[in-house]
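Inspection log for the structure reproduced underneath, given as structure tokens.
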Amino acid sequence: MQQQTDVVSDRTALRRRIGRAAGVLLVTLSLGATEARADAVETAGSVLAILLPAGAATGALVAHDHQGLGQLAKAYASAMAVVYVLKPLVDRTRPDGGSQSFPSGHSASAFAGAAFVQMRYGWRLGVPAYLAASFVGYSRVEAKRHYTSDVVAGAAIGIAANLVFTRPRQHVSVTLDGGRGHVGSSISVTW
């Protein structure tokens, strides 16, 4: 009888140990997945911080909007100049222990690109651009590279620079039409 009790106790102890080991394994795997996810989010945010202004510039070039390209260049250069003057002046410690957290350069870059697209070409293109820029801000906080206030300040700088330099594109074209027995012109306005 004592042997049966010992066997049952041993099985119960073994089940508990296996359960604990499985729990530790699951926690370890989920932490690894969380770290991998955080790395992927940070990388995606860093790529978007470059792609948003680069995409805005490419779009302006494709649309033959040289005036808009100049406006983007002024807004972007101004935003980044403000960021890189403020960083050493404020010298806020990052959540991960690094320096110069305030303001977020990634957010300023992304929002400078998004704000240009919205202000120059309208909300139809601006909404997805702002959503992508918001993801950049989220990625910086998620990766513990910035505080939320750093991201908000960077976004405000990127948007403010465009408020100064960017104007809506005028979509007016004048066409002259001449043919056999007639001459005329037409004005086309689209928005």
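The values are calculated or read from the model by the stated rules, or taken from the named source; none is laboratory data. Predicted, not measured: the structure shown is a model, and the values here were computed from it. Cβ atoms come from the backbone with ideal geometry, glycine included; neighbour counts cover every protein chain shown. Quick note on the areas: whole protein, heavy atoms, side chains included, nothing else; ligands and nucleic acids left out. Shrake-Rupley method; radii C 1.70, N 1.55, O 1.52, S 1.80 Å.
Given the protein chains as shown and a 1.4 Å probe, how many square angstrom of E42 are accessible, to the nearest 10?
About 50 Å², ignoring ligands and nucleic acids.
Over segment 68-115, what number does the Rg to Rh ratio reach, with both radii from the alpha-carbon atoms and Rh per Kirkwood?
Numbers: Rg = 12.1 Å, Rh = 11.3 Å.
Across segment 68-115, the Cα-based Rg/Rh ratio is 1.07.
Go ahead and run the numbers for FRET between V183 and H66, Cβ-Cβ distance against an R0 of 35 Å, rounding to 0.05.
0.70
Calculate the all-directions average of the projected area of segment 47-141's alpha-carbon convex hull, and give it in nm².
Mean orientational projected area (segment 47-141, Cα hull): 5.8 nm².
Can you tell me how segment 85-169 classifies by the Cα gyration tensor, rounded, prolate or oblate, using a/c under 1.5 as the rounded cut?
Oblate shape, in that a/c is at least 1.5 and b/c is the bigger or equal ratio.
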